[in-house]
1. If you build a Gaussian network model of the chain, linking Cα atoms that sit under 10 Å apart, which residue out of Phe218, Phe302, Phe116 swings the most?
2. Just to check, using Stokes-Einstein with a Kirkwood Rh over alpha carbon pairs, what's the diffusion coefficient of the chain at 20 °C and 1.002 mPa s in µm²/s?
3. How long are the semi-axes of the ellipsoid equivalent to the range 132-231, from square roots of 5 times the Cα gyration tensor eigenvalues, in whole Å, largest first?
4. Out of Asp39, Asp196, Asp93, any idea which swings most in a Gaussian network model of the chain, alpha carbons joined below 10 Å?
5. Taking H placed 1.01 Å from N in the peptide plane, check which residues at least 5 places from Tyr149 or on another chain put their amide H under 5 Å from its amide H.
6. For the range 132-231, what's the relative contact order in percent, using C-alpha pairs closer than 8 Å and at least 6 residues apart?
7. I want to make sure I understand the PRE zone here: with the label point 7 angstrom from the Cα of His141 toward its beta carbon, which residues in the range 53-72 have backbone N atoms less than 20 Å away?
8. Among bridges DSSP assigns within the chain, what percent are antiparallel (round to 5)?
Amino acid sequence: MSDELPTEEYEVVVVGGGPAGQTAALYSTRLGHRTALVDRGGGRGAMQEVHNLIGVREETSGNEFLGVGKEQLEEYGCALHRDVIASCSRTDDERFELCGNDATYRTEHVVLATGFNDVRPEPPLPRTGRGLHYCLHCDAHMFVDESVYVMGYSESAAHVAAIMLNFTDEVDLLTRGDDPAWSDETATMLDDHPIDVIHADVTGVQNGEDGWLKAMEFEDGTVREYRGGFAMYGAEYNNGLARELGCEINDDGTVAVDDHGGTAVDGVYAVGDLTPGHNQVPIALADGAKAGISIHFELRDFPRDPEAIDEAGPVRSEEVPGIPDELLEQAVDFHTYDD
């Protein structure tokens, strides 16, 4: 009995099942290309609540949002694989080979949607989703006229604390005993704004009956009430596959891309939180859509190039449509205009 993993053949393989990856897979599949989404699960998209997305209500969880997306992908004919890609390479025939734990995936185009991980405070107090947040633009609205903390000691932590003054007049900056790494100019900025900088470390958390943060206890014996706040310790980008494929990596760890997600390597795209810009679901959706459309322009059969027509002659009626048979059948079954 052989232990060799099966090989799956596709035109497009998307690695990462967050909003950007799912959207890239959606466009690629609907535009007629054999597409697979390889997802290990989890990630920043599996948030407790989805914010700032028109048409999606606040009570919708990230898992519910992404679960509906996967159902849609299956209905259109996208292959879904729960797998972890451990390595990748370019083959002799200018395709890509992605080696997972359960299968090997060979493809003409790769979309990397592997995102990043927020660096969490140690220990991670309070509990994520019940008082500990990471996205200012997603969650600042939740804390209008509430007492808020910003946890960190960097330039970004100091500036996020100042930004929160646009939403509330009660903002503390918690360094948790770390030496501030912000500049003298930023220190002056903090002095000129009503922000309390607390250097004592957090020793305990008090939660209300609803599970939300109520107050934090500090090593100097003080107790300060908060509704919630933000941890600002940076990000760790999941760019290992991009590096392995030879993509250009920016100084901050993001992958350098053009306006449609194309990287420095032909056939490789990167979308969503893995790339520079605001880490927001609507932006991730747009990234995925642009990448999917760009890949379609590269893969579509028609109109055929003049050089190919010179070699093979005009396109014959039996050669169209260009969509693969299995996707054609799935599309016909899916038609929403049929009663």
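Just so you know, all these numbers are worked out from the coordinates, no wet-lab data involved. Nothing here was measured: the structure is a model prediction, and the numbers come from that model. No Cβ is skipped: glycine too gets one built from the backbone with ideal geometry, and neighbour counts run over all protein chains shown.
1. The residue with the greatest mean-square fluctuation here is Phe302.
2. Details: Rh = 22.4 Å.
The estimated diffusion coefficient comes to 95 µm²/s.
3. Details: eigenvalues 85, 56, 24 Å².
Working through the eigenvalues yields semi-axes of 21, 17, 11 Å.
4. Asp93
5. The list, which skips near neighbours in sequence, is Asp172, Gly228, Gly229, Phe230.
6. Relative contact order comes out at 31 percent.
7. It comes to 53-66, nothing else.
8. Values: 22 of 56 bridges.
Beta bridges within the chain, antiparallel portion: roughly 40 percent.
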